[in-house]
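Have a look at the structure below before the remarks.
The values are calculated or read from the model by the stated rules, or taken from the named source; none is laboratory data. What you see is a predicted model; the values in this text were computed from it and never measured. Counting neighbours? That spans all protein chains shown, and the Cβs are built from the backbone with ideal geometry, glycine included.
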């Protein structure tokens, strides 16, 4: 489990073994990095290599020169297999001495830019970012530069996409990568509740069973176990099959209270109050009737096939005092739990954050207006609540001014896509981040936005359709997310190394290390 | 319990082949006929639909573009033959302001009357031009000024048109003087006149019927509606009068009193002495609300303020169809012009004396909410209603030219149904936005900029102290 330390005198009161009679043995998942290839027959590549069967004399020159394995002649076969274009490094190969197109004696090969990349991705998640995330999930490493993926920023024209780090020419301190600590502390209140430290400054956001498949949910939590961090049940109830991972689960208490029972609250080290979510701030949740299958309905104690709404807001919370009452209720039910309060980003988000601190929360989780994984009204996704970039800096500054910044953990989510975004969010003032979409991309999401249509996600990720869910294997999914986390970890360590920082905590609030391409940066 | 404003809708399918965003191309000749793409990969069964479509095709140019863009067929094709790309016909629709996305979502709403829903978070630009550079607020945990916790069914989208006196007045018999009257309209939306290019035989009738069914008001040029003589007394025509605001050109005859008494609003252009004309109309029927239409050219903003100061009760300011100021080198956007007029009216202690209707660039329901937040009482629009009829904003409308959307073939029920559905979807989305803000009454949304966040303000407030001055600010 995540590092879990408590004062000795209260140990008996808070250990899970003493607080939960129905505890089941916990499962370990190794943090092993190994290849998890794409699950489709044809991978989407940035460049396509065409071979003319009429021209090719099967001399094997291309297979001989290409170090990336694009050209394969299987033993016993007369003809080459279709070129594995996704392995090709593209234009950057033209300058090398192993460019197959130039070296083919028959001019039988042709390299073209794949017209499909225009159809893949969008302004926030560019095709390069999606392809690079897939590659990270496949190999566990950062994509080599020669592949030419411009994945560190999107193309939205604002926020993280226009912010860069001001790296010193030479790091102020030469550090070994192994010395750099990426862990963060989640309980900074000194209130006698456990100290919980996670190895990486991120954990998985809430995605309910119903909005995503069993395999997706299990893959996410198993990766969280491997990386000693957390994943969240979302609002759809606590599946029995998640219980072997209780120590790495966050369970959500949201306005619909689907599947919330005292017993489920007692299982976990962190409980999250979901007041709002970035994709649809102020609108509550909505599980479309098609996705309310018998299994989902059973979990949510609802009727099959009817749409399920989580109202907005909590109809019992009208003030910070009401919020405190809720927190006290949960703290009473689970004496070892930390409380996270997930809010969206209204204009007075700073007041909400400090109010939540005063109500007794350990973690304030800001979910920015551009995030979200499931279905949401388009009008809400684009127009309601401020982007997370503003909210982080605003809340951080306010908490500092109020003198409580070191007593609370500030977590950000909603549009954080890469390790660079993570580092920027932390430099703007967050302690860590919550990820959701990136994990789904790692599982093969193409952001076609059809999470809600008909049978649900055609890629088998955000669906409960019995036929579609079989596309994802839990072991494979786990490995993909473990690999993605590893690549992110590498990237984050690389950033900290260039900045000469021993710990990710040193980066928190260091806006002075950032620059914005639309500003004169003259502060 | 008072009657709720509700628009009854039924789906109205499109007449023409859909222009989807994606097309599957490069289906080359060495297909193995394995049917993996047809039978297994496409979870939407689009390949089978395409076969049926082709079989029933009456237009050889109309390709099948219902692909959902999931790449499953592309990635599962046994021989890797398929390619998916953006449909060029889709990309060519509209202009820089009326983007293909706006056109497509309008079609969807006109068909289904539903709120467009999609997954995977927001996909667009961080911020943008005009209404895209502001966000609406939402209410969370602490909000001292919100209207309390309430269900969406309690949200009122009604607004008033007309002068709201600042204090009570009494007549000679010491009874409260109820004039001037105000009109209550169920949405902060007026259906505006169409430019001459869209003057199709039935269009005005379709729009007026849509206004009637949605309990709104459509502005109709009096020259295009039979109001002279005794025709106005025709029973069929009478039922429409509460939903028509006649636009009276300078040379137009004044409608007969029996018609003015049944209609609620009349619009006149800003020419000659508008106040004198307003008074003349009110002499005929004092409870009539008269609106003056002001074109937002270089003098538009100051003229609107001037008219308000002169005592005009309702002003309809209209920018061009992209929301830009007309005839100036560096046009301002309608949003900024609304804010300027609104602010000036507040400073002149005139705000409640005047109703401000703003038109131009209102393309999406959020524009309606945002324009009201910026200070308009309500908005006017016409192009979304035309797009609802499957217009592609090709801007080649000329008499005698072939319309790609075949407007000349439009059926009355189809037209009314599509427009009604679109307005219903806009109503639902306004409720979504207001619900998030914790607002119960659209009247109170007017000018409440505290319910919005502006890109410029947030950049200055949050990024200014970090990054300094903004380039090209």
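Pairs meeting the criteria (first residue in the range B:112-127 and farther than 16 Å from residue A:414 by Cβ and within 7 Å of chain A (Cβ to nearest Cβ), second residue in a strand (DSSP E or B) and modelled with pLDDT under 95, beta carbons under 7 Å, at least 6 apart or on different chains) are B:115/A:377; B:116/A:377; B:117/A:376; B:117/A:377.
Residue by residue, here is whether (1) modelled with pLDDT of 95 or more; (2) under 30 Å from residue A:359 (Cβ atoms); (3) within 13 Å of another protein chain (Cβ to nearest Cβ); (4) in contact with a strand residue (DSSP E or B) (Cβ under 6 Å, 6 or more places away or on another chain) holds:
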| position | (1), (2), (3), (4) |
| --- | --- |
| B:133 | yes, no, yes, no |
| B:142 | no, yes, yes, no |
| B:147 | no, yes, yes, no |
| B:164 | no, no, no, no |
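The set of residues in the range A:450-461 that are within 7 Å of another protein chain (Cβ to nearest Cβ) and crowded, with 24+ Cβ neighbours inside 10 Å comprises A:450, A:451, A:458, A:459.
Here the range B:87-101 is the region considered, the condition is being surrounded by 19 or more Cβ atoms within 10 Å (Cβ to Cβ) and touching a helix residue (DSSP H, G or I) at 6+ places or on another chain (Cβ under 8 Å), and the residue that is nearest to the other protein chains (Cβ to nearest Cβ) is B:90. Looking at A:356, A:344, A:316, A:310, which is the one that is surrounded by 17 or more Cβ atoms within 10 Å (Cβ to Cβ), farther than 24 Å from residue A:430 by Cβ and within 14 Å of chain B (Cβ to nearest Cβ)? That would be A:310, the only listed residue that is surrounded by 17 or more Cβ atoms within 10 Å (Cβ to Cβ), farther than 24 Å from residue A:430 by Cβ and within 14 Å of chain B (Cβ to nearest Cβ). Every condition in (1) closer than 18 Å to residue B:208 by Cα; (2) part of a helix (DSSP H, G or I) holds for residue B:380 except the one numbered (2). Scanning the range A:309-339 for residues that are within 21 Å of residue B:117 (Cβ to Cβ) and touching a residue at least 60 places away in the same chain (Cβ under 8 Å) gives a single hit, A:310. State yes or no: is residue A:271 in contact with a helix residue (DSSP H, G or I) (Cβ under 9 Å, 6 or more places away or on another chain), more than 8 Å from chain B (Cβ to nearest Cβ) and at pLDDT 85 or above? For residue A:271, the condition - in contact with a helix residue (DSSP H, G or I) (Cβ under 9 Å, 6 or more places away or on another chain), more than 8 Å from chain B (Cβ to nearest Cβ) and at pLDDT 85 or above - is met. Residue B:286 meets all of the listed conditions (1) assigned to a loop (DSSP other than H, G, I, E, B); (2) surrounded by fewer than 19 Cβ atoms within 10 Å (Cβ to Cβ); (3) touching a helix residue (DSSP H, G or I) at 6+ places or on another chain (Cβ under 6 Å) but one, namely (3). Kindly indicate the residue of the range A:509-520 that is in contact with a strand residue (DSSP E or B) (Cβ under 7 Å, 6 or more places away or on another chain) and within 26 Å of residue A:184 (Cα to Cα) and also farthest from the other protein chains (Cβ to nearest Cβ) among those meeting that condition. If we take residues in the range A:509-520 being in contact with a strand residue (DSSP E or B) (Cβ under 7 Å, 6 or more places away or on another chain) and within 26 Å of residue A:184 (Cα to Cα), then A:513 is farthest from the other protein chains (Cβ to nearest Cβ). Residue A:501 meets the conditions (1) touching a helix residue (DSSP H, G or I) at 6+ places or on another chain (Cβ under 7 Å); (2) in a loop (DSSP other than H, G, I, E, B); (3) surrounded by fewer than 24 Cβ atoms within 10 Å (Cβ to Cβ); (4) at pLDDT below 95 in every case but one. The failed one is (4).
On the stretch given as the range B:241-260, residues that are modelled with pLDDT of 90 or more and outside any strand (DSSP E or B) total 6.
When the range A:61-70 is filtered for residues that are in a loop (DSSP other than H, G, I, E, B) and in contact with a strand residue (DSSP E or B) (Cβ under 8 Å, 6 or more places away or on another chain), only A:70 remains. Scanning the range B:128-141 for residues that are within 17 Å of residue A:345 (Cα to Cα), under 18 Å from the mean Cα position of the chain (by Cα) and without any contact (Cβ under 8 Å) to a residue 60 or more places away in the chain yields a total of 0.
Could you look through the range B:302-321, keep only residues that are in contact (Cβ under 8 Å) with a residue 24 or more places away in the chain and assigned to a helix (DSSP H, G or I), and pick out the one that is surrounded by the most Cβ atoms within 10 Å (Cβ to Cβ)? Among those that are in contact (Cβ under 8 Å) with a residue 24 or more places away in the chain and assigned to a helix (DSSP H, G or I), it is B:304.
As a summary of the residue check, residue B:395 satisfies the conditions (1) at pLDDT below 95; (2) more than 20 Å from the chain's Cα centre (by Cα) except for the one numbered (2). In the condition set (1) within 15 Å of residue A:278 (Cβ to Cβ); (2) in contact with a helix residue (DSSP H, G or I) (Cβ under 6 Å, 6 or more places away or on another chain); (3) touching a residue at least 12 places away in the same chain (Cβ under 8 Å), residue A:379 is compliant with all but (3).
Screening the candidates B:440, B:470, B:446 for the property of being in contact with a helix residue (DSSP H, G or I) (Cβ under 7 Å, 6 or more places away or on another chain) and within 12 Å of residue A:519 (Cβ to Cβ) yields one hit, B:470.
Considering the range B:423-447, and only residues there that are at pLDDT below 95 and not in a helix (DSSP H, G or I), the residue that is nearest to the other protein chains (Cβ to nearest Cβ) turns out to be B:438.
Yes or no: the range A:425-432 includes at least one residue that is within 13 Å of another protein chain (Cβ to nearest Cβ) and closer than 30 Å to residue A:474 by Cα. Among the residues of the range A:425-432, not one is within 13 Å of another protein chain (Cβ to nearest Cβ) and closer than 30 Å to residue A:474 by Cα, which makes the answer no. Assessment of the range A:364-372 against the conditions (without any contact (Cβ under 8 Å) to a residue 40 or more places away in the chain, at the interface with chain B (Cβ under 7 Å from one of its Cβ atoms), touching a helix residue (DSSP H, G or I) at 6+ places or on another chain (Cβ under 9 Å) and within 17 Å of residue A:414 (Cβ to Cβ)) yields no matching residue. Within the range A:227-247, being more than 18 Å from residue A:342 (Cα to Cα) and within 15 Å of the chain's Cα centre (by Cα) holds for A:227, A:228. If you scan the range A:462-508, which residues turn out to be within 14 Å of chain B (Cβ to nearest Cβ) and in contact with a strand residue (DSSP E or B) (Cβ under 6 Å, 6 or more places away or on another chain)? Listed by number, the list holds a single entry, A:462.
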